[in-house]
């Protein structure tokens, strides 16, 4: 089922700037928001990237990216771009669990 998602453009711009400045090829994280059943849409409050794991590694990476394809293609064969996205689902789930139980107060 497809849902309409509404959010502040400034939040999207912050996420775009964070990604472009970090130099990482991909990033996973959490969307903090509220789903409205009556309006059949979601409202985004924030986009939170998953932090590095205990070993200092990213929660996702691209496997078999363009560098590997360029090495193979340089031998005279033209290969289609093939890569896969690896996501550390256990670390992502732990991050979601910690954020879900994070106490907060409304001022």
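What distance in nm lies between label points placed 7 Å from Cα along the C-beta direction at residue 22 and residue 4?
3.0
Could you give the nm distance between label points at residue 13 and residue 97, where each point is 7 Å from its Cα heading toward the beta carbon?
Roughly 3.8 nm, to one decimal.
Which order do the peptides 82-90, 45-53 take when ranked by the mean count of other beta-carbon atoms within 10 Å per residue, highest first? Write out the running numbers ahead of the final one.
On the way: 82-90: 12.4, 45-53: 14.9.
With the highest mean Cβ count within 10 Å placed first, the list reads 45-53, 82-90.
Full-extension gain between residue 44 and residue 87, please, as 0.36 nm times their residue separation minus the C-alpha to C-alpha distance.
Here the segment from residue 44 to residue 87 would lengthen by 13.2 nm.
With labels modelled as points extended 7 Å from the Cα through the Cβ direction, what inter-label distance (nm, one decimal) is found for residue 54 paired with residue 32?
2.5
Each value in this text was obtained by applying a stated rule to the coordinates, not by laboratory testing. The structure displayed is predicted, hence computed values, not measured ones. Counting neighbours? That spans all protein chains shown, and the Cβs are built from the backbone with ideal geometry, glycine included.
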